[in-house]
Amino acid sequence: MRLELRRGSLVLAVLACLRTERYGYTLRQALAADGLEMEESTLYPLLRRLEGQGLLTSEWREEEKRKKRFYVLSAGGEAMLAALTEEWRGINASLDRML
């Protein structure tokens, strides 16, 4: 049950974090710093799926003598983040009243 609850919130968290451009490792660090640790085996497939849906853009760049793939929200991703945030807040308000 806990995994099901968490799974839905991870998409929202990743979209929110990618308002600022990041590569995978720094994205994992940012999520963990806010209490949402995520395994690489969960994160990278999620990033590929979100990019495939047109919600993210990415590019390979060399930084510190290593090639890294940087991700950021696309225009569609920003719109989706706004819609999901509104939905999340409505659900959260309802649950707060019930709990």
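To keep it simple, each residue is scored yes or no on (1) free of Cβ contacts under 8 Å to residues at least 24 places away in the same chain; (2) among the charged types (D, E, K, R); (3) open to solvent by less than 70 Å² (accessible area, probe 1.4 Å).
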position	(1), (2), (3)
17	yes, no, yes
31	yes, no, yes
35	yes, no, yes
64	yes, yes, no
71	no, no, yes
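Restricted to the stretch 1-42, and to residues that are touching a Leu at 6+ places or on another chain (Cβ under 9 Å) and among the basic types (Lys, Arg), which residue is nearest to residue 77 (Cα to Cα)?
Taking the candidates together, the pick is 19.
Just one of 7, 22, 89, 48 is in contact with a strand residue (DSSP E or B) (Cβ under 7 Å, 6 or more places away or on another chain) and open to solvent by 50 Å² or more (accessible area, probe 1.4 Å); which is it? Break it down into steps so the answer makes sense when it comes.
Numbers: 7 fails: in contact with a strand residue (DSSP E or B) (Cβ under 7 Å, 6 or more places away or on another chain); 89 fails: in contact with a strand residue (DSSP E or B) (Cβ under 7 Å, 6 or more places away or on another chain); 48 fails: in contact with a strand residue (DSSP E or B) (Cβ under 7 Å, 6 or more places away or on another chain).
Residue meeting the stated conditions: 22.
Considering only residues of the stretch 40-51 that are closer than 14 Å to residue 11 by Cα and not basic (Lys, Arg), which is modelled with the lowest pLDDT?
Pass one, the stretch 40-51, residues closer than 14 Å to residue 11 by Cα: 42-51.
Filter again for not basic (Lys, Arg), leaving 42-47, 50-51.
On the way: 42: 93, 43: 96, 44: 96, 45: 96, 46: 96, 47: 97, 50: 98, 51: 98.
Here the residue is 42.
The values are calculated or read from the model by the stated rules, or taken from the named source; none is laboratory data. Model, not experiment: these values are computed from the prediction. For neighbour counting, all protein chains shown are included, and Cβ atoms are generated from backbone atoms with ideal geometry for every residue, glycine included. Heads up: the accessible areas ignore ligands, DNA and RNA and are worked out on the full protein's heavy atoms, side chains in. Shrake-Rupley method; radii C 1.70, N 1.55, O 1.52, S 1.80 Å.
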